[in-house]
Amino acid sequence: MRQFFKSLRPFIFLAGLLVLPVIICFAQITPPYFDDFEGGNAGWTVDSVSGSTWELGTPVTAPTNSTHSGVNAWDVDLLNPYLPSTECYLISPVFDFSNAASYNSTVSFWQNRDTENGWDGARLDYSTNGGSNWTVLGTIGDPKGVNWYNGLSFPGNVAWVDNSNGWIFSSYELGVLNGSSTVTFRFSFSSDPDIMEIGFTMDDFAVTTATGTGIDDQLNNNSIMVYPNPASDKIQIISAKAEGDLLVYDVYGKQVWSEKMNSRQTELTVKYWKAGVYFLTLKTKDSLVTQRIVVIK
């Protein structure tokens, strides 16, 4: 009899009823998605194998001692430089790209790093089977990405390494995930056994959908539309919201233009800008949306 009750330990008897353990599941997220982490973890989890771990808050160790927005960002050890032989992971909620409206979405985030070049760094992986298998997203200098990997980290993985010299914007086109309904992203940070630098910080993570064919298709509650894109003279900007701050950054994260938006539509003159890729960001009191723009000559 005692052995019988031992076998029932995974269960709970309450008022004569057999109550099974409760498993809490989070629903998949259909893009678009944005998280500035001011609301806490919100479905993000951490797995630390050795050394330092990912932590949410305000980093304090220079030069990676700031957030990109607000007071919260994910950082490898908020209070100290990362430890030798670190292997730690920051795991996202689950995303659903099975709907055609989410095909060719783009993942983006801001990063600030100071790591040992060639040895310590971070990369972004993805899984389509609940984390049983992981695949590295992209390669060094991948044409589908912007600011996408610049070297290798221990023990020979592609990674963002060295000093970013402040916050920079990174993005990647996700056509490889079209049709997948259970996609998880994972930021992986690793370091070798010696010569440590400071760390890696990630903030303002977003998954945005590809541009539709008309204004009504493109605009949801938090989105913006820009046209023509690419452009050589002027760009029209239409927002779902009438008020906010419009900011433009170059690929190095330097702000090159800003304007207070007081209506749903405004015009941006780019004919005197250098040809290249820029990032237009609309910041409102409850959202932040970024879209890539291309200036041609």
Across segment 231-274, which residue is surrounded by the most Cβ atoms within 10 Å (Cβ to Cβ) among those that are in contact (Cβ under 8 Å) with a residue 12 or more places away in the chain, polar (S, T, N, Q) and touching a strand residue (DSSP E or B) at 6+ places or on another chain (Cβ under 6 Å)? Ser239
What's the number of the condition Asn104 fails, among (1) in contact (Cβ under 8 Å) with a residue 40 or more places away in the chain; (2) closer than 23 Å to Tyr252 by Cα; (3) in a loop (DSSP other than H, G, I, E, B)? (2)
Among the candidates Gly57, Gly43, single out the residue that is on the phi > 0 side of the Ramachandran plot, under 17 Å from the mean Cα position of the chain (by Cα) and surrounded by 14 or more Cβ atoms within 10 Å (Cβ to Cβ). Gly57
Quick check on Phe189: is it at pLDDT 95 or above, in contact with a Cys (Cβ under 8 Å, 6 or more places away or on another chain) and surrounded by 15 or more Cβ atoms within 10 Å (Cβ to Cβ)? yes
Considering only residues of segment 69-101 that are assigned to a loop (DSSP other than H, G, I, E, B) and among the acidic types (Asp, Glu), which is farthest from the chain's Cα centre (by Cα)? Asp77
Going residue by residue through segment 26-42, is there one that turns out to be touching a helix residue (DSSP H, G or I) at 6+ places or on another chain (Cβ under 9 Å) and at pLDDT 90 or above? yes
So if I check each of Ser171, Ser127, which one is among the hydroxyl-bearing types (Ser, Thr, Tyr), at pLDDT below 95, more than 23 Å from Thr61 (Cα to Cα) and in contact with a Ser or Thr (Cβ under 7 Å, 6 or more places away or on another chain)? Ser171
Within segment 266-297, the count of residues that are within 15 Å of Pro228 (Cα to Cα) and part of a loop (DSSP other than H, G, I, E, B) comes to 5
Within segment 214-234, is there a residue that is part of a strand (DSSP E or B) and modelled with pLDDT of 90 or more? no
May I ask you to say which residue of Pro84, Pro63, Pro93 is of a type outside the set (Phe, Trp, Tyr), more than 25 Å from Asn165 (Cβ to Cβ) and in the same structural domain as Phe189 (by TED's automatic domain parsing)? Pro93
In segment 38-59, is there at least one residue being assigned to a loop (DSSP other than H, G, I, E, B), farther than 22 Å from Asp194 by Cα and touching a Phe, Trp or Tyr at 6+ places or on another chain (Cβ under 6 Å)? yes
Among the numbered conditions (1) buried (at least 18 other Cβ atoms within 10 Å of the Cβ); (2) under 20 Å from Arg123 (Cβ atoms); (3) among the polar types (S, T, N, Q), tell me where Asn72 comes up short. (2)
If we keep only residues of segment 235-253 that are touching a Gly at 6+ places or on another chain (Cβ under 9 Å) and closer than 19 Å to Lys297 by Cα, then the residue modelled with the lowest pLDDT is Val251
Enumeration of residues in segment 24-39 that are in contact with a strand residue (DSSP E or B) (Cβ under 7 Å, 6 or more places away or on another chain) and surrounded by fewer than 16 Cβ atoms within 10 Å (Cβ to Cβ): Phe26, Gln28
Right, Asp77: modelled with pLDDT of 95 or more and not hydroxyl-bearing (Ser, Thr, Tyr) or not? yes
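Per-residue answers, yes or no, for (1) within 17 Å of the chain's Cα centre (by Cα); (2) touching a residue at least 24 places away in the same chain (Cβ under 8 Å); (3) surrounded by fewer than 20 Cβ atoms within 10 Å (Cβ to Cβ):
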| position | (1), (2), (3) |
| --- | --- |
| Leu137 | yes, yes, no |
| Ile140 | no, no, yes |
| Pro143 | no, no, yes |
| Val146 | yes, yes, yes |
| Gly151 | no, yes, yes |
| Asp162 | no, yes, yes |
| Ser170 | yes, yes, no |
| Leu174 | yes, yes, no |
| Ser181 | no, yes, yes |
Run Gly166 past the list (1) at positive phi; (2) in contact with a Gly (Cβ under 8 Å, 6 or more places away or on another chain); (3) assigned to a strand (DSSP E or B) and report the number of the one that doesn't hold. (3)
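The values are calculated or read from the model by the stated rules, or taken from the named source; none is laboratory data. All of these numbers come straight from a predicted model, not from anything done at the bench. Reconstructed Cβ throughout: ideal geometry from the backbone, glycine too, with neighbour counts over all protein chains shown.
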